Each structure stands twice: as C-alpha cells, then as structure tokens.
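Have a look at the structure below before the remarks.
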Amino acid sequence: MDHAQRDKLSELVEELTNSGEPQLNPKKLNEVKKICKISIDYIEHFYHLIMTQLAQDHAEIRLSAFQMVSELFTRSHHFRILLVDNFQEFLDLTVETDSDEPLPPPKEVARKLKTLAIKTVQEWQATYGEAYKKLALGYHFLKQVKKVDFHDVQARSLAERKREEEKKERLNRIYKEKVEKATKEMDEAKEEIERCLTEINNCMKLLLPTEFDLGDLKTTTEATNSIASVSSVPNEKTNTSMDDQPCCSKDLDDGRKRTDPETSRGMSADEEVEDSSEDEDNVEEVVDEDAFIRNTGLISHKYSLDLNLSEDLKLKETEENEAVVNTMKDLYTLISTKHLPAVRSWVQVFTKAGVPDPLLRQAIDLKNCLDRALQKHKDLHIEYKARQRRVMKAPESSDEDDFEEVPEKEGFEPHIPGHLREEYGLDEPPSTSVACKLSVQPPVNHHAPSVPQFPSRPRNRTADEDQDPTCAASTLRLFKQRLPKGLVSSPSSGGGVDPKDMARDLSEDRKIAPVIPFGLDLYYWGKDQPTAGRIIKNHSQHQFWVPTEVEEEVENKELAAHMKSRYITFAGSFQPVKHRCKAPMPNGALCERQDRVKCPFHGRIIPRDDLGKPTNPEDAARLDKEEWKRREEQPDWRDPELMRDIELATGEDLGSSKTFGKGNKGKGKRKKKYPNLSDLKKSGNTSRSRLEKKVFNPSSMRRVTDVMNKMDKLKHAKFANQFNYALN
Amino acid sequence: MLGFLTARQAGLDDPLRLRRAESTRRVLSLELNHDRDVDRIHSNGVNTLDIEVIEGRYMLSGGADGVIVVYDLENNTKKPQYTCKAVCTVGRSSRYVHRFSVETVQWYPHDTGMFVSSSFDKTMKVWDTETLKPAEVFQFEGNVYCHHMSPIARKHSLIAVGTKDQKVQLCDLKSGSHIHILQGHRGEVLSVRWSPRYEHILATASTDSRVLMWDVRRASGSLFSLDQHNGDKSKASSQAVNTAHNGRVNGLCFTEDGLYLLSTGTDDRMRLWNSANGENTLVNYGKVCNESRKGLKFTVSRGCIPEFVFVPCGSSVAVYALHTGELVTMLRGHYNNVDCCVLHHDYQELYSGGKDCNILAWVPVLRLPDIEEGTVAKKGGSQATVNPAFQDAWSTAPHEGGRGLTYCFWILLTILEVVTRP
C-alpha cells in the first residue's frame, strides 16, 4: 500500500465527510473510488476511516459518510463483507436502532439520514439480501423488531400521488358544484339586480340636476342605458334645459319638478358667480359676439368670469324629494348588503374554478355596475333626516301637545332632572347619589331646590310606589333610610335665585368635584379649633407626690397642622412616550427605542430628522465632537477593517482581534476548521443560555457569594454565643 | 485430516484423537452460514433452546410470547441449503399455551415423547410431544425462572425449579407433586443445574449473588456455597457470607464431565469453579457483558481438546477456551441481546436465540475440497457467475474520459492566461 495514496485517501474522506453539504462532491468521490479500486487494502483502510466518521457526533458528518458508504457498497464486494460483518453497529449509527443512542443533532439532517439509510438498506436487501445473510437478518430485524415500515418508504411516493389526485378531483367536483350553483343564482338574480340598478339610476337622475356630470358614472352597464342618454345632454344648459330631457326622464317630470327648486338652490349656492347670475345665464347662451355685446350692454369682451363649481354635491332630504330619497336608500342597502356580496362571491367562485370567459365577464360586469352605483350614491352626499323622528312626526300633523318629546331612556336612571322627580314619585334632590352625600364638598344643601315647587302629588301614591320593589322610588327610599336624617332632605332656604338653575350648576360642579375621604380637617371644617394640636397632660393623680415641673399644655405644631390641612398627593397621569430615539444604526435603520429621556445605546434623546441627523446644530456639534474623540482614541491606522484586510493579505497577526474587544472578536479570531458544517454549539443561543451567561458569569457569582458570606458572618457575629448557631 | 485418518486406520492413534481434532476444528470454524436457516416462528424474543440427546434431531424453543416450537434439525433434502422446519408448535391459538413468557424448556433426557416447560405464568407444564397437551401442570407461587432435570438420574426423576421464591422446589415426576424444598437462598433463584456426574448433586444460583451446591439427599441444608475469594477473608471482609459474584448470578453450567461449574453474573464476569470442593479456579475470562435480569442459558462444548464455552455476550455469542479463559471468537449475527445458546454436540452446530426473534444456526465451515490448481480458477469463475452479488462493480470509463476533457480545458485556460497577461 502506497503511503501517499493512503494519506490522500484519508484526506479525501475527511474533506468529504466534513463538507457539510447534502450532496457529495462528485469529483472527490471519484478520486476516492479510484483509490479504492486499486486494492483491497485501501478498501479496508477506507472502511475504518468511514466507520470512525460514522461514529462522529454530528449528523452531517454521518450523512456524508453514509453516502460514501452507499457508493462503495454497490461497488466493492470486499467492502460489503466488511460492512455487513459489522452491520449491527452500522445500523445503530445510521438507523438509530439503539434507542439509548439517538442520532446526533442537527435534527433535520438526522431525520434525513435515517430515511435515507432505511431506503438504502432496503435497496441493498433487494439486491444483495440473498448473498449476505447478515444483511437479510438486519433487514428482518428492522422490519419485525423495530417495525420499520419499508413499504411505506417505498409506496409513499405512489400513495402520495394518488392522494393528491384524489384531492384534486374532489376539489374540482366541489368547484363544479359551486359554479353551477353560482350560475343558477346569477341567472335568477341578474334581472333583479338590473332592475335595482335601473331604479337607483333613475332615482339619481331625479334627484340631480342634469348639469351634474354623470358622464363618469354610467358607462358600460347594460342596466344604465336609460342614464346613458342623460349623459349626452350638454352640460352648459342650466335650468332652462329642462325641455331637453330624454323621454324617460320626462315621464317622471313631476317628481323632478318637485326636486328642482331644492337642488337648484343648492346649485346656485355652489356656483358663485362674481358678477350677477343673470349675466352668466345670458353669456352662456349667446353665440354671436356682436349679438352678445348688443344684448348685454357690456362694453368689452374682456370680462373674465370665475365660476367656482365646488365638486362636492350636497343633497338634502326634504319633504319634496323624500319619496325618491327613501327609495334610493332602500336600494342602496339592498345593493350593499345583498347583491354586492353575492356578486363578489360569484366572481370568486368563477375565478377559482376557472370557468369559461363569458360567465366570469358577466359577473365582473355586474360587480362593476354595482360598485359604480354605490360610488355614485356616495358622491351624492345625501343628508338623510333622522328616521326615528320622522316616524314619530308622520302621524303627528295634528299638532297635539299630548305627547311631549322626551329623549329615550331605558331602565333605571341615576340622575333624574328635578322637574321630573315628581313624576317618578320622588322627593327632591340634592342627594340623588350616595357618593354626593359622602363627598366632602362644602355643604350645599341649603341651595338645593325645594319640594314645594311641585306640590301636586298625593302622598299616598308615593307610598304605594315605595312599596313596589321594582320601582326606583323604593330604592331611593332605602338609601334614605340608611342615611342620617339631617342630610337627606334638609329644608331649603329657597332664596331669590332660581333654584333650578342653581341645582343644575351644582350638579355639574359635583360631577367634576373629586371624592376624598373624610378626615380630621373636615371634622373641624369652618370651626374654630381651640384644642387643635395641643396635648394636655393630666396632673398627677398621686395623693402626695407631685412631679416637680409639669407643663400642662404642649403645643404640637405638627398635630395642629394635621388638623387644619390635608395632603393631596398629585401623581399626575401617565404620559406615554411618543418620540423615538431615531439614532442611525449600523444596519441603516433608525433606533426604535422609546425611552423618555435617554436611550441606553445612543445616550440622550435629541430631536432628529428622518435620516437620523440631529436637528439642533449644537447637538450635532456635540455628537461630532464625541465621535472625533473616539477616533482619537483609536488611531486611524488601527482601523479594525483595514487591519483585518492587511492580515488577510499578509497572513500575519497584527492583533486586530485584540484591539477591539466586543464586536469583532468572534469573526477574526478563530477560524472554524470546517466552515461548512453546521455548528452544533451555535444553536445554544436560547433565552436560557443567555440567562445562564448572565447568571453564571464569574463576577456575578462572586457578588452573590460575597453577599451570602456576609450574611453568614452577620449571623455568626450576632449569635456567636448561642451554641446552635455557632455550630453551623 | 488425511493424516489423522490414516493414523486412525492403522490403529496408531486413539480413536478419540481424530474425533477430538475434528470437532475442535469444527468448533473453531463456526460461522453464520446462509445455507442454514431456522424458521422464524416466534414473534417475540427467544428465551430458551434445547436439543434432545437421543437422536439429536429435534430442538425445542420457548419464546417470550409463550409459544413453544419443536424444530427438525436434520437435513434430508440432500442440498446444502436447508431451513429447519417447525415440526409442531404450541402457538397462541392452543388452549394449553403458556400465558406469559416461557423461560425454560427441556426435553425429557431419556425420551423425546415428553418435554417440560416453565413460564412466568407461575406454572411448569409437562408436555406429551405426540398430542402437544400437558400431561401434568405444576403450580407455583411466583414466576418460574428455570427448571432442570438431571440428565443422568436413574434413581430419581426430580425436577429442580427455581422461582421468584427463595426456596428451590423439587418436583417429582413419578408422583406429580412438590416433594421437597431446599432452603438457603435469600433471593430469587435464577438458575438451577444438576450435576452430570453425580445424580444427587444440584447447583443453584440466585440474585443474592450466591451459588449453592446441594445434595438432595441431605435435608438440613446446602453442602457449601461458592466463594469468589476462596476463603480469603481479607478481601471478603465486608461480607459475612460467601458470594460467587458481586451481582445477580444468572447462569450456571456444568462441564461435560461434571468436574467444573461455570457461573455468570451481572458483574459482567464468568467464573469457573471446581465443583467438587467449590474452589474458584480464578480463570479470567475478561468482561462478559451480561445485563439480563432473568436466567442466561449458555453451553460448553463436548469432546474438544481445549473445551470451549459459548456464552451470550450482548448481541453476540462469545466463545472462550474453558480453562485458559482466552476469547476465541465473537459470533456476531444477532441484532439484539442474545438470551440462550445451545450446541449440537454431534455436529458442533450452535443455535442461538435472542431478543430479535431470530434463532441463528452457526455451522462449521466445510473444508474446501482439495482440487488441482487448474480447476480452481475455473471453479472460482463459475462461482462468480453463480452469484453476481459477490462481484465488484467499479465503473471506469466515463470518469477517465471526463478527466481527459477537463485536463484539455485546463491547458487551454492556462494558455489563454499566459497570452492575455500584459
């Protein structure tokens, strides 16, 4: 055996197995084969090399090694003998037969290796199974003891294909059904939609003066034919153009007439003519210049007319156009809730199923029409009247005052306006809520409006209502009973001021006023406090013995202040930070941190523009200075990038990795031996590992032990004389 | 071989000599032969094997699935390829089948019409081979680990049974009853063996790491217990009693002549004892992997010059020279732990059963016929045509061509480079 060849073989195997690539380099593999071909000795050597590589704790190495094995296995009888002789170990290392020794990470590669190995073993069994008994035994072992499902591996592709086909077929069927259904629906609904569109278009026509440019609104729709004729109406025509209405509009002339005054008023507001409106009318109609001058009596042609046509249309619902607007509104809801979603779903179904063109086009056309109609409706900006009120009003033409308009209400109302209290069977405020009473505003009871204003209710009825537990009155009665009598219904002074107004003011005040707990200061509110802050010491009760000097009264300022004042802590409310740091980062982005004052990475937060440059010149100057300073510390020639380049070029270590501690260390320093292999240790960048790094780094450990030692020492110092502490 | 034969014919040699030489050679050349297969009946591990000694034709196997199979080992087909057929089976469908794992099976030593099996279902059954029905069922209180009938007994027909109980039970086939118990162990009894030399001598091994020798005629207690330190108190000071191993003792086997006893334990050791006085012969077999919690069945060759011992060792069967402790070879073929092995003493064929459900037959390699040189080549050639799997398949041409092309390309490139260089 040639030593050079042998070494080359080792080298090749090493390179190939450590390539980390899913496929072997065919060139190198060929060389390996060529060497192995020379003699049996090389094959044996190769076998040993491969077995060591297979035993490596890296799935990629194993995978590559396995691929080489399968290459050689099909070629060399001797290699087959060697491998089959040690087939147990081989299976352990590749198929994971021993559950105690799982395949090494990375997981995906390991899985790949396993499936590949199983497949390959099956192939081997098919070709060489009879000749090599142990191979057959191993195959049976896998099949029967390890329950490896070889058939699945083999049949998977076939079964998968079949399954896929079935799925496709099923989908097709479903689509077909859907399409049929949609077509049917469309045929049914088409007429209705078209009718609906026609209707809405007509409504619009009715509502709008013709000069409103409808051109863009109706084009392709088959349904909007009637409107298309409208678009042909010349725009210059003003109100006079009514005669030129197309026939379909003429049919509805009466309706139009009704709406016209309204709209025209709106229009005239919009079209603000700087000169007089009559002028404008005339100007537009005249064609002949001379005639024009003659007719108008204007001296020159050089008048410029500014027409201010606002684009926004505003339609107001009035009693005249009410019916049309109502219809339009109904149509609008019909389209937006029913037709449009339906059409959209058809379009979706058709596109998904890939139906013939005309059907899809039809659906899309419909959809466009509907969309346009909706858009038009939106453009009109119709101001609807409030519906509920209209409903109320409709029968109410007789102007009866039996019913007063009241705002709607439901259930229990904590605040009942004063004038309604009687109706509710209540007596008067001011104490509608408990909170109010307990709150420590200066007593306002005497301002409260009094009952006597509403003397009407008979008392017994109130009593009745009180009995009813569902009534609000009873609840209030309960409140009343619980509260001290004096507070509930103090007789009001009923001064000259209008008590109602007063009450309203107060209740508003009360809403704003904070609720604070009762305290000593309130206890002494408005009173003279003779004893406040004084501590009176009692005389000695002793018969004979009297203390020498007795200060009878001690004035305690703190206490006194406490009795007269109140602390209110003002915490303020949380103001969320809105600005960002925005300092430019190396990756080109801007720092997104939202610290209030100072960013931990970029220092004080200063206003910056969108590019991350400071807006204030002094800030910029300061930053520049700092940068300059940092540069100073690291002279130019020691620029890490440059140094690394030089090092790469010369191959000498200039210490670029040393100069820069943090960022550059990993890159330059240790070059991995096999860069293509996925690094098993790298995957350890988990939250756990990061925490571990923090927790178990030596300095923090030292700190912790220091503290613990200190505590221990303290204990010992403190309880040194007690035997049970002294021992531990 | 020829020399032996002529010497034998001339009467120069002792007839035993040829026999010994040949059987030794055969044992040494044991290998997994793909001409010999054993039917795969068991769906679970094979726990025990036994070959009858009358004809040497039938083999019993007991599996962890409770199935008992009788194989016919004799090849009557006159072809080298032979698969040992299962003659009859006590399968899961039989109503007499053991419910749990069968731990030991043994032929009745004097007749193939009967065999005994014991199982984890706490029973020991005596079967009639003809009808495959149990003639007698012995019930025990614990799982039965092992049983043994004396191969040479004339005066008694006792079966020694080791169970989960500490007491060794003696059952009499004549009366069909438990007639005796031997008290002395402090743990489960994993293996029992009758001496092939003295019909009343019994060796038992237990989880209390002791091996006891009994004379069943003596009621009071064991004769002695084997001591791994041979009474050297300094080494055994920590233990009050003699121990044979430092773990469970789960296998026992007497040599053919009954003079020596082998024991295996979970301390991964095998020890050879003088069965007469219980002395540890201190033969070092090295590490014999042994993780079994149950009994281990191993065997010793018969009639070879150095005797050999075949002992399961992990997933292979280790062959040691009995008296020197030298590891002769490892028979690797099973894919899971091997539980039992048995040697066919007439043909020196080894059968081993393991947890991978296989029973493997290890057959001596036949001597290659001595043929003149010219025919050898022919023979080799024809063999190669017989089995294409043994051929090498090196693909050659395309790579050569490809390399040639790339070489040309390279030259072209270098030329170009030279030309374009300023």
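Each reported figure results from applying straightforward, stated rules to the coordinates on display, with no laboratory input. All values reported here derive from a predicted model rather than from experimental measurement. Backbone-built Cβ (ideal geometry, glycine too); neighbour counts: all protein chains shown.
Report relative contact order for chain B in percent, whole number only (criteria: Cα-Cα under 8 Å, sequence separation at least 6).
Averaging sequence separation for qualifying contacts and normalising by length gives 12 percent for chain B.
Tell me which of B:GLN183, B:CYS357, B:LEU322 sits at the most positive position along the dipole axis of chain B, charges placed on C-beta atoms (Lys, Arg +1; Asp, Glu -1).
B:GLN183
Give the Rg/Rh ratio for the stretch B:9-106, taking Rg as the radius of gyration of the Cα atoms and Rh as the Kirkwood radius, to two decimals. Display every interim value, and only then the final one.
On the way: Rg = 17.5 Å, Rh = 15.8 Å.
Over the Cα atoms of the stretch B:9-106, Rg/Rh equals 1.11.
Using label points projected 7 Å from each Cα along Cα→Cβ, tell me how many nm separate A:GLU592 and B:SER220, to one decimal.
The modelled label-to-label distance comes out at 9.2 nm.
Please sort A:343-351, B:170-178 by packing, taking for each peptide the average over its residues of neighbouring beta carbons within 10 angstrom, highest first.
Working: A:343-351: 18.9, B:170-178: 14.9.
Result, highest mean first: A:343-351, B:170-178.
Å³ per residue of the Cα convex hull, for the stretch B:123-165? Don't skip to the answer; put the middle values down first.
Values: hull volume 3.8 nm³, N = 43.
Here the figure is 89 Å³ per residue.
Per residue of A:34-41, what is the mean number of Cβ atoms on other protein chains within 10 angstrom of that residue's Cβ?
Values: counts 5, 0, 2, 4, 0, 0, 0, 0.
The shielding value for this peptide is 1.
With θ taken as phi - 60° and the coefficients 6.51, -1.76 and 1.60, list the Karplus ³J(HN,Hα) couplings across the stretch A:593-604 in order, rounded to whole Hz; mark glycine and proline as x.
So the Karplus estimates, Gly and Pro as x, are 5, 10, 8, 6, 10, 9, 7, x, 9, 10, x, 4 Hz.
Residue by residue through A:125-138, how many Cβ atoms from other chains fall within 10 Å of the Cβ on average? Each step should come with its number before you reach the end.
Working: counts 0, 0, 2, 4, 1, 3, 6, 3, 9, 7, 2, 2, 9, 3.
Counting Cβ atoms of other protein chains within 10 Å of each residue's Cβ and averaging gives 4.
Between B:ARG57 and B:HIS110, what is the label-point separation in nm under the 7 Å Cα-to-beta-carbon projection?
Output for this residue pair reads 2.1 nm.
Take the stretch B:28-79, drop everything but the C-alpha atoms, weight them equally and run the Debye formula without solvent; then report log10 I(q)/I(0) at 0.20 Å⁻¹ to two decimals.
One equal scatterer on each Cα of the stretch B:28-79 leads to -0.85.
Count, for each residue of B:310-316, the Cβ atoms from other chains sitting within 10 Å of its Cβ, then give me the mean as a whole number.
On the way: counts 0, 0, 0, 0, 1, 4, 1.
Per residue, the average neighbour count from other chains is 1.
Can you compute the helix-only [θ] at 222 nm over chain B? Use -39500 (n - 2.57) per DSSP H run of at least 4 residues, normalise by all residues, nearest 500 deg cm²/dmol.
-4500 deg cm²/dmol
Mind listing which chymotrypsin sites (Phe, Trp or Tyr not before Pro) in the stretch B:57-153 are in a DSSP loop and have 16 or fewer other Cβ atoms within 10 Å? Please list the in-between numbers first.
On the way: sites: B:TYR58, B:TYR71, B:TYR82, B:TYR96, B:PHE100, B:TRP107, B:PHE115, B:PHE120, B:TRP127, B:PHE138, B:PHE140, B:TYR145; in loops: B:TYR96, B:PHE100, B:PHE120, B:PHE140.
Within the stretch B:57-153, the qualifying chymotrypsin sites (Phe, Trp or Tyr not before Pro) (loop, at most 16 other Cβ atoms within 10 Å) are B:TYR96, B:PHE100.
Which far-off residues, 5 or more places away or on another chain, put their amide H under 5 Å from the one on B:PHE224, with H placed in the peptide plane?
So B:PHE224 has HN proximity to B:MET213.
For B:GLY333, what residues show an amide H to amide H distance below 5 Å, using hydrogens built from the backbone and excluding near sequence neighbours?
For B:GLY333, whose amide H was placed from the backbone, the distant partners under 5 Å are B:VAL317.
To the nearest µm²/s, what D does Stokes-Einstein give for chain B at 4 °C and 1.567 mPa s, using the Kirkwood radius over alpha carbon pairs as Rh? Let's see the in-between values first.
Working: Rh = 23.9 Å.
For these conditions, the coefficient is 54 µm²/s.
For labels at A:ASN368 and A:SER39 in the simple 7 Å Cα→Cβ model, what's the distance in nm?
8.5 nm
Could you give the spread of the C-alpha atoms of the stretch A:1-41 along their three principal axes, from largest to smallest, in whole angstroms?
Projected onto the principal axes, the Cα atoms of the stretch A:1-41 cover 31, 15, 13 Å.
With a cap of 12 neighbouring Cβ atoms within 10 Å, and only residues DSSP puts in a loop, list the trypsin sites (Lys or Arg not before Pro) found in the stretch B:47-102. Intermediate values should be presented prior to the final figure.
On the way: sites: B:ARG57, B:LYS78, B:LYS85, B:ARG92, B:ARG95, B:ARG99; in loops: B:ARG57, B:LYS78, B:ARG92, B:ARG95, B:ARG99.
Qualifying residues, ordered by number: B:LYS78, B:ARG92, B:ARG95, B:ARG99.
Quick one: which residues, 5+ away or cross-chain, put their amide H under 5 Å from the amide H of A:ARG608? H built at 1.01 Å from N.
A:THR615
Given R₀ = 22 Å, FRET efficiency for A:LYS578-A:ALA621 by Cβ-Cβ distance, to 0.05? Don't jump to the answer; show the numbers that get you there.
On the way: r = 26 Å, r/R0 = 1.19.
It comes out at approximately 0.25.
Test of understanding: ordering A:CYS203, B:CYS340, A:CYS591, B:CYS289 by Cβ neighbours within 10 Å, fewest first, what list do you get? Please report the intermediate quantities before stating the final value.
Numbers: A:CYS203 25, B:CYS340 28, A:CYS591 18, B:CYS289 15.
Fewest-to-most ranking of A:CYS203, B:CYS340, A:CYS591, B:CYS289: B:CYS289, A:CYS591, A:CYS203, B:CYS340.
Kindly flag which residue pairs out of A:LYS205/A:LYS376; A:LYS119/B:LYS85; A:LYS338/A:LYS367; A:LYS181/A:LYS329; B:LYS133/B:LYS174; A:LYS33/A:LYS134 have an alpha-carbon separation exceeding 21 Å in this structure.
Numbers: A:LYS205/A:LYS376 11 Å; A:LYS119/B:LYS85 31 Å; A:LYS338/A:LYS367 12 Å; A:LYS181/A:LYS329 30 Å; B:LYS133/B:LYS174 18 Å; A:LYS33/A:LYS134 25 Å.
The answer is A:LYS119/B:LYS85; A:LYS181/A:LYS329; A:LYS33/A:LYS134.
Quick one: which of B:7-13, B:201-207, B:158-164, B:222-228 comes out on top by average Cβ neighbours within 10 Å, and what's the full order, highest first? Don't skip to the answer; put the middle values down first.
Numbers: B:7-13: 11.6, B:201-207: 25.4, B:158-164: 23.9, B:222-228: 19.3.
Packing proxy ranking, top to bottom: B:201-207, B:158-164, B:222-228, B:7-13.
What longest range of chain B stays clear of loop-exposed GluC sites (Glu not before Pro) (DSSP non-H/G/I/E/B, at most 11 other C-beta within 10 angstrom)? Mind showing how you got there, number by number?
Details: sites that count: B:GLU55, B:GLU130, B:GLU141, B:GLU291, B:GLU372.
In chain B, the maximal stretch lacking such sites is B:142-290.
Given a Förster radius of 30 Å and the C-beta distance between A:LEU171 and A:ASP330 as r, what FRET efficiency does 1/(1 + (r/R0)^6) yield to the nearest 0.05?
Details: r = 39 Å, r/R0 = 1.32.
With R0 = 30 Å, the Cβ-Cβ based efficiency is 0.15.
Between A:ASN86 and A:ASN697, what's the calculated FRET efficiency when r is the beta-carbon distance and R0 is 51 Å? Round to 0.05. Intermediate results must be reported in sequence, preceding the final value.
On the way: r = 46 Å, r/R0 = 0.90.
The pair A:ASN86/A:ASN697 has a calculated efficiency of 0.65.
Just to confirm the filter: which trypsin sites (Lys or Arg not before Pro) across the stretch B:181-231 are DSSP coil and have at most 12 other Cβ within 10 angstrom of their Cβ? Walk me through the intermediate numbers first.
On the way: sites: B:ARG186, B:ARG193, B:ARG197, B:ARG210, B:ARG217, B:ARG218; in loops: B:ARG186, B:ARG197, B:ARG210, B:ARG217, B:ARG218.
Filter output for the stretch B:181-231: B:ARG186, B:ARG217, B:ARG218.
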